[in-house]
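Here is the structure we will look at, set down as structure tokens.
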Amino acid sequence: MQLEGNKMHGRTLKSVATIMVALMGSMMLPSAALADASRLFKKLAGSWRGSGDLAREDGTREQLSCRGYYVLKSEGKGLSIATLCNSPTEKFELRSLVTEGVHGISGQWEERTYHATGQVSGSADSTTLDLSFSGTIEGTISISLTGEAHSVNVSAAGAGIKGVSISLTRG
């Protein structure tokens, strides 16, 4: 029994050591990712317009007309995001302030029409910002830049909204 306990203890230590090495390795990677986040933030800075689609949990859909505003903060290491969308029956105003840090992207978000708030975290590369949000509602948001256009895709749980997909161009 003692021998089996030592084997279990050895496996546990090996697992913990593997996890620690992986975590330490991931802590060494962000500098390149952070440089990519700053480049993406700079590319997004400015005013955008476009349209999209709102999908509800009940299966209904509505067309959206949207505007997006991105403002650089903290010497390019932060980004203020404002997305305003209207449909025939809905209006929402999503705002977020995200910053790059040692462990990726983090910040806060708020939806001003419905008074929802929470935290946001995720990662970025030179063309995509992938975030998870939590708080009043939970979900994910992906912002992908392609040339002079970008798309915003939101998946959410709760509040009757399944997701939002919009395409924006400068303007």
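Just so you know, all these numbers are worked out from the coordinates, no wet-lab data involved. For clarity, every value in this text was computed on a predicted model and none was experimentally measured. Don't worry about glycine lacking a Cβ; one is built from the backbone with ideal geometry, like all the others, and counts go over all protein chains shown.
Of the residues making up the stretch 124-164, those that are polar (S, T, N, Q) and closer than 16 Å to Glu110 by Cα are Ser132, Ser134, Thr136, Thr140, Ser155. The residues on offer are Leu79, Leu84, Leu72, Leu97, and the sole one that is under 14 Å from Val154 (Cα atoms), part of a strand (DSSP E or B) and not basic (Lys, Arg) is Leu84.
Number of residues in the stretch 104-121 that are surrounded by fewer than 19 Cβ atoms within 10 Å (Cβ to Cβ), assigned to a strand (DSSP E or B) and not charged (D, E, K, R) equals 7. For Thr169, state whether it is over 19 Å from Ser80 (Cβ atoms), in contact (Cβ under 8 Å) with a residue 40 or more places away in the chain and not small (Gly, Ala, Ser). So Thr169 fits the description; yes. Screening Ser38, Ser51, Ser126, Ser65 for residues that are surrounded by fewer than 16 Cβ atoms within 10 Å (Cβ to Cβ) and touching a Lys or Arg at 6+ places or on another chain (Cβ under 7 Å) leaves exactly one candidate, Ser126. In the stretch 83-103, of all residues being of a type in the set (Gly, Ala, Ser) and surrounded by 16 or more Cβ atoms within 10 Å (Cβ to Cβ), the one that is nearest to Thr117 (Cα to Cα) corresponds to Ser96.
Taking the stretch 106-151 as the search range and keeping residues that are within 8 Å of the chain's Cα centre (by Cα) and among the aliphatic types (A, V, I, L, M), which one is farthest from Leu64 (Cα to Cα)? For the stretch 106-151, the residue satisfying everything is Val120. Taken together, the residues in the stretch 45-98 that are of a type in the set (Val, Ile, Thr) and free of Cβ contacts under 8 Å to residues at least 12 places away in the same chain amount to 1. Kindly check whether there is at least one residue in the stretch 84-99 that is in contact with a helix residue (DSSP H, G or I) (Cβ under 8 Å, 6 or more places away or on another chain) and farther than 25 Å from Gly147 by Cα. Checking the stretch 84-99: not a single residue is in contact with a helix residue (DSSP H, G or I) (Cβ under 8 Å, 6 or more places away or on another chain) and farther than 25 Å from Gly147 by Cα.
Within the stretch 122-156, take every residue that is free of Cβ contacts under 8 Å to residues at least 40 places away in the same chain and outside any strand (DSSP E or B) and give me the one that is farthest from Ser167 (Cα to Cα). Here the answer is Thr136.
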